[in-house]
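Below you'll find the structure, written out as structure tokens, and then a few comments.
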Amino acid sequence: MFYEPYPRSFADSNNDGVGDLKGITSRLDYLQDLGVDAIWITPCFPSPQVDFGYDVSDYENIDPMYGTLADFDNLVSGAKKRKIRVILDFVVNHSSDQHKWFMDSKSSRSSEKRDWYIWRDGKGPGKPPNNWVSTFGGPAWTFDPNTNQHYYHFFYAQQPDLNWRNPAVKGAMFDVSRWWYKRGVAGFRLDAVDTLFEDPGLHDNPIVGSGKNAYGDPIEENKYNTKLPEVHDALRGLRKVADESGAVLIGETWTKDVAELKQYYGEHSNELQMPMDLMLTKLRFSAPVFREHIAGIDGAGGWPVYVISNHDIVRSYDRYGDGQHNDQIAKVMAALYLTVRGTPIMYYGEEIGMKTTPPTRKQDVKDPIGQRGWPKEKGRDGERTPMQWDGSANAGFSKATPWLPVPPAYKTHNVVAESQPPDSVLEFYKQVLRLRHINRALLDGSYMALNESDQTCFRICAATKVKWCWWR
Ligand code: ISL
């Protein structure tokens, strides 16, 4: 079982209100006891933090806010002692605009790094090269008056897209992954892989309907700037490097259907070992709906990777919950995604039934997309609130005021309070995970839906002749 501790919000060791690596290290016993086999840490590299670390200004270091490389090494060795692997987040599509590569690229048209990013002439004075809009609002092009060209960014302007068509960029990114593998990293979660390539002809994206999104932009189909076939070449390249170290690649793969998800494993199982099934997050709470979906994923031929929550979406507690039986529903969901054939990836706090608590006033919003899209888009603060460790001030996350407020529900839903009652969400997670680790059927049994009419699913044990891989 993989666990995602959002480092800002997991545990704060130096009491500055922001979580850090030493904080994660201090909670390794808890993670081991819970039944965690690997942790995926969202970006903890140096960053101006415009997108909370998804704007990396140095791929080979740790942001002082989170600690040092020595702290990271301690975390890896402490985790290893507890048989927990450490996975990092690789922001492959873009860097920060403060990365030295971009600063160089921006410095002049003749810069050696000019072609490391996507620079184009506008269609005319004040006009961007095409109609593409950023998924975080506004045009996807920003004009640089110094060199009189526009640069492309699928996300914020502070996150310029790297040019993956440039072999030097590819090579540099492959080297970054090697550098971390040598340091003991067991793999990467690859961020936003769909957005790696753009149509070189820069065709305008089709506009869908006449409505506007939360940021006031026309609604576009990302036909020419996402999911280009070249993405798979890049994944094959990254996989080759991962294979040198026996590392695993997890993909942030938002797919429309199973057929699309299947492609990310690679035709010869030579792309991602673990493309996430994020479609699961969009289903309503219904046995027949889940059964049909899981049958499709299970039959896709790859190793399924189930995700029900992460740092970008409303927590599963609220999404599946009906407002009355949320704890019970949280347990049903745990039983489901922790026992079906595949690897579950759990977001921190799911195991105690944390809920999403969005800000109620615009001035409290920290996530820039919430500031930009308020009130339609409140941003992602609500699912990033501090981990609720106990019933003391700040839920035991920090002695200082946390960077995001602790939701009132921490009084009842916290690790200490849920460690005693045998029917708590936490105890349920622990019990299921204990079973998962000792029961062969749950480790490598095959999946078969039974009793379809009474709306239950079971997993049966059937010896599969798969080669053992640690991430299974
Ligand atoms: O969070 C979203 C919108 O609210 C998604 O569209 C998200 O941007 C998309 O899934 C890509 O997410 C990843 O890359 C982003 C970063 O902000 C997200 O936190 C990360 O998970 C840009 O690096």
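The values are calculated or read from the model by the stated rules, or taken from the named source; none is laboratory data. Here the structure is a predicted model, which means the values were calculated and not measured. Here Cβ is always computed from backbone atoms with ideal geometry, including for glycine, and neighbour counts include all displayed protein chains. Just the protein is used for accessible areas: all its heavy atoms, side chains included, with ligands, DNA and RNA removed. Shrake-Rupley method; radii C 1.70, N 1.55, O 1.52, S 1.80 Å.
Per-structure values
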item	result
Residue that is of a type outside the set (A, V, I, L, M) and within 15 Å of the ligand (Cβ to nearest atom), where the choices are GLY184, GLY137	GLY137
Leading residue by the ranking (farthest from SER316 (Cα to Cα)) among those in the stretch 376-421 that are part of a loop (DSSP other than H, G, I, E, B) and of a type in the set (Asp, Glu)	ASP390
Qualifying position, being among the small types (Gly, Ala, Ser), farther than 28 Å from ALA140 by Cα and modelled with pLDDT under 95, among GLY302, GLY246, GLY209, GLY266	GLY302
Condition broken by ILE438, with the remaining ones in (1) free of Cβ contacts under 8 Å to residues at least 12 places away in the same chain; (2) surrounded by 18 or more Cβ atoms within 10 Å (Cβ to Cβ) satisfied	(2)
Per-region count, the stretch 373-382, residues within 11 Å of the ligand (Cβ to nearest atom) and either within 30 Å of GLY301 (Cβ to Cβ) or open to solvent by 10 Å² or more (accessible area, probe 1.4 Å) (or both)	4
Any pair with Cβ under 6 angstrom, 6 or more apart, that starts in the stretch 136-149 at a residue that is closer than 13 Å to ILE118 by Cβ and free of Cβ contacts under 8 Å to residues at least 60 places away in the same chain and ends at one that is open to solvent by 20 Å² or more (accessible area, probe 1.4 Å) and within 16 Å of the ligand (Cβ to nearest atom)	THR142/ALA157
Within the stretch 150-170, tally of residues that are out of contact with any helix residue (DSSP H, G or I) (no Cβ under 9 Å at 6 or more places or on another chain) and away from the ligand (no atom under 16 Å from the Cβ)	2
One residue from LYS399, LYS411 being basic (Lys, Arg), within 27 Å of ASP364 (Cβ to Cβ), touching a residue at least 24 places away in the same chain (Cβ under 8 Å) and surrounded by fewer than 18 Cβ atoms within 10 Å (Cβ to Cβ)	LYS399
Selection from the stretch 185-209 of residues that are open to solvent by less than 40 Å² (accessible area, probe 1.4 Å) and part of a loop (DSSP other than H, G, I, E, B)	VAL185, ALA186, ASP191, ALA192, LEU196, PHE197, GLU198, ASP199, LEU202, ASN205
Positions within the stretch 187-212 being closer than 22 Å to ASN131 by Cβ and in contact (Cβ under 8 Å) with a residue 60 or more places away in the chain, in sequence order	ALA192, ASP194, THR195, LEU196, GLU198, LEU202, HIS203, ASP204, ASN205, ILE207
Cross-chain or 6+ apart pairs with Cβ under 6 Å, the stretch 246-259 first and more than 14 Å from LEU280 (Cβ to Cβ), then more than 11 Å from the ligand (Cβ to nearest atom) and at pLDDT below 95	VAL248/TRP471
Number of the condition not met by PHE143 [criteria: (1) open to solvent by 20 Å² or more (accessible area, probe 1.4 Å); (2) outside any strand (DSSP E or B)]	(2)
Which listed residue, of GLY23, GLY78, is touching an Asp or Glu at 6+ places or on another chain (Cβ under 8 Å) and open to solvent by less than 10 Å² (accessible area, probe 1.4 Å)	GLY23
Residue in the stretch 31-44 that is more than 22 Å from SER309 (Cα to Cα), modelled with pLDDT of 95 or more and not charged (D, E, K, R) present	no
Meets criteria (part of a strand (DSSP E or B) and in contact with a strand residue (DSSP E or B) (Cβ under 7 Å, 6 or more places away or on another chain)) for LEU88	yes
From SER13, SER57, SER47, residue being in a loop (DSSP other than H, G, I, E, B), among the small types (Gly, Ala, Ser) and more than 30 Å from TYR156 (Cα to Cα)	SER13
Flag for LYS223 being under 21 Å from VAL305 (Cα atoms), modelled with pLDDT of 95 or more, basic (Lys, Arg) and not in a helix (DSSP H, G or I)	no
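Each row is one residue, and each column tells you yes or no for (1) surrounded by 18 or more Cβ atoms within 10 Å (Cβ to Cβ); (2) within 16 Å of the ligand (Cβ to nearest atom).
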site	(1), (2)
VAL36	yes, no
TYR54	yes, yes
LYS83	no, no
ASN93	yes, yes
GLN98	no, yes
ASP104	no, no
SER111	no, no
